1. Below 8 Å, C-alpha to C-alpha, sequence gap of six or more: please give me the relative contact order for the range 217-293 in percent.
2. What's the angle, to the nearest 10 degrees (0 to 90), between helix 295-307's Cα axis and the longest principal axis of the chain?
3. Just the projected area, averaged over all directions, of the convex hull on the alpha carbon atoms of the chain: how many nm²?
4. In nm, to one decimal, how far is the residue 310 label point from the residue 20 one, both placed 7 Å along Cα→Cβ?
5. Sort 144, 270, 262 by accessible area with a 1.4 Å probe, largest first.
6. Gaussian network model of the chain, Cα springs within a sub-10 Å range: biggest mean-square fluctuation belongs to which of 145, 134, 162?
7. If 14, 112 are ordered by their accessible area, calculated over protein heavy atoms with a 1.4 Å probe, which sequence runs from highest to lowest?
8. How high is the FRET efficiency between residue 75 and residue 282 when r is their beta carbon distance and R₀ equals 41 Å, given to the nearest 0.05?
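The values are calculated or read from the model by the stated rules, or taken from the named source; none is laboratory data. Because the structure is a prediction, the values reported are computed rather than measured. Cβ placement follows ideal geometry from the backbone for every residue including glycine, while neighbour counts extend to all protein chains displayed. Surface accessibility is based on the protein's heavy atoms, side chains included, excluding ligands, DNA and RNA. Shrake-Rupley method; radii C 1.70, N 1.55, O 1.52, S 1.80 Å.
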Amino acid sequence: MQALVFDGPGCIRYDAGRPDPELRTPTDAIVDVEVAGLCGSDLHPYLGREPAGSGVVPGHEVVGRISAVGAEVAERRVGDRVLVPFSTSCGRCARCEEGLTARCERGALFGYGPPGDPAGALDGGQAQRLRVPWADATLRLVPTWMDEPTALLCSDNLPTAWEAVARADPRPGHPLVVVGLGTVGLCAVAVARAQAAGPVVAIDPIADRRDRAAALGADLALAPEDALEEPLLAGGVSSVVEASGSSAGQRLAFTVTAPGGTCSVIAVQTAERFALSPAEAYDRNLTLRFGRANVLATLPLVLTALADGRLPSPAQVCVTHPDVALRDGPKAYARFAAREPGLVKIAFRP
Ligand SMILES: [Zn+2]
Ligand SMILES: [Zn+2]
């Protein structure tokens, strides 16, 4: 099959002859990929910010159709059109049962290999097919009414944004700030509206992304250097979402969080230290929340909000390149890493 392969920092290789995945356990399924997203977190290993094993197929945002199931797969069937979240969940451990599905005791991330151990990696979806362990608990049906770009966002970015905003404790009538306007940050702007926050302030250095945030309902879209001059942010705000993943973004997010406020850090973190001191956190009574979103647990809330119209889909604004061929993958990674204007979300169509 065709696939992209991560061969170390700066090196994404197109492979037209990657062996097809096979069922390995009775709870596996094989999914034929319809579309696979390129995520900001794919850039961490690509840019060498996060150690990762070579030889792995990246990609953890997938919409596809099941083409084979193991003998113990009971709920999902061949032919089902499904969302593949970024990590697998067994559905039966204590963490899965309490809704911490992203930290399943038996779970694995798609598309990231432990350094030095290619055998331990779970290949991702930037390929024509992928193997999905724990298929019954991991895969979700795509609602029949949903368009493809929205379905792609539902595999990761939109539930991630939903959880990020909820963790920021939005208060009706009070401003909410989103720092970093990649796809998760842009989705968070739309979600903040759906979760009834007050004025939404979006911050990013790229003008094109600020324009997109405004299109999704941000009341103010600011460059970072202008944020501290903004009267609405003087004295800080009670709810902040950090979606940039950079130390500078983290620092700004902490700076604009008011005493007693909550800063929800959703971006994957690769820095060695927080961009604030324990004393600063103490002196402002900050609540900090971190961590990977629990897509499977949160998805029902997102689907309900999309279905009842509270959350207009941000897909048309975010998925800027919905139809990129896998053979153009190496170029696509380079363009995304260079933060090319007008490019937010690339979707590979194998
Ligand atoms: Zn992602
Ligand atoms: Zn589990």
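1. It comes to 28 percent, rounded to a whole number.
2. For 295-307 against the chain, the angle is about 70 degrees.
3. Approximately 16.3 nm², given one-decimal rounding.
4. Result for the modelled spin labels: 4.3 nm.
5. Accessible-area ranking of 144, 270, 262, largest first: 144, 270, 262.
6. The residue that fluctuates most here is 145.
7. 14, 112
8. The formula returns an efficiency of 0.30 here.
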